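Undergrad: I'd like to ask some things about the structure below.
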Amino acid sequence: MAYVNVPKDLTKVKTKVLFNLTKRQLICFGGGALIGVPLFFLLKGSIGTSPAAMVMMVVMIPAMLFAMYEKNGQPLEVVIRNIYRVCFQRPKQRPYKTNNFYAVLERQNQLDREVYRIVHNKETDPRRKKAGRSRYRKREQDG
């Protein structure tokens, strides 16, 4: 009797297209072959067979890596993009910033006062109390 292993997580099962390879693997291997094989034949006459084969392998290795390598279910280009973002695109230190509602209201109040000054060509806001000065003058006169 033959037993067939059935994976428990069916989301990790990939559809095989040809030669037990996925579409992604076929495209990457095909691209590597389209670049590597003509390069081998171009270099074979000038530098020899062994060095041309080495150059072909070095050129085709990235295509094979893009076809086969996965980490945590992510292909190589996603892993490289994440590494780039962490190392170069995002800042190293991210300061903690709060969204203080009081500070927002204070900024809005300052903007309102500035707009009022611009519109009415005055230096002061009508909401500011001027009664304080006159109150002291009255006390001085009374006393």
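The values are calculated or read from the model by the stated rules, or taken from the named source; none is laboratory data. Just so we're clear, the structure is a prediction, and the values are computed from it rather than from any experiment. FYI the Cβ positions are ideal-geometry reconstructions off the backbone, even for glycines, and counts take in every protein chain you see. Note: areas computed on protein heavy atoms with side chains; ligands, DNA, RNA excluded. Shrake-Rupley method; radii C 1.70, N 1.55, O 1.52, S 1.80 Å.
Undergrad: Kindly provide the set of residues from the range 22-65 that are farther than 30 Å from ASP9 by Cβ and either basic (Lys, Arg) or not in a helix (DSSP H, G or I) (or both), ordered by number.
TA: Scanning the range 22-65 gives LYS44, GLY48.
Undergrad: Would you pick out the residues in the range 87-117 that are more than 32 Å from the chain's Cα centre (by Cα) and hydroxyl-bearing (Ser, Thr, Tyr)?
TA: Across the range 87-117, the qualifying residue is only TYR116.
Undergrad: A follow-up question, please. Just need a number here: residues in the range 66-110 that are assigned to a helix (DSSP H, G or I), charged (D, E, K, R) and in contact with a helix residue (DSSP H, G or I) (Cβ under 7 Å, 6 or more places away or on another chain).
TA: Residues that pass the stated criteria total 1.
Undergrad: Determine whether ASN20 is surrounded by 10 or more Cβ atoms within 10 Å (Cβ to Cβ) and among the polar types (S, T, N, Q).
TA: no
Undergrad: Find the residue count for the range 42-86, including only residues that are among the aliphatic types (A, V, I, L, M), open to solvent by 60 Å² or more (accessible area, probe 1.4 Å) and within 19 Å of the chain's Cα centre (by Cα).
TA: Adding up the residues that qualify gives 3.
Undergrad: Let me ask something additional. Inspect all residues belonging to the range 120-140 and state whether any of them is modelled with pLDDT of 80 or more, surrounded by 10 or more Cβ atoms within 10 Å (Cβ to Cβ) and of a type outside the set (A, V, I, L, M, F, W, C).
TA: Yes.
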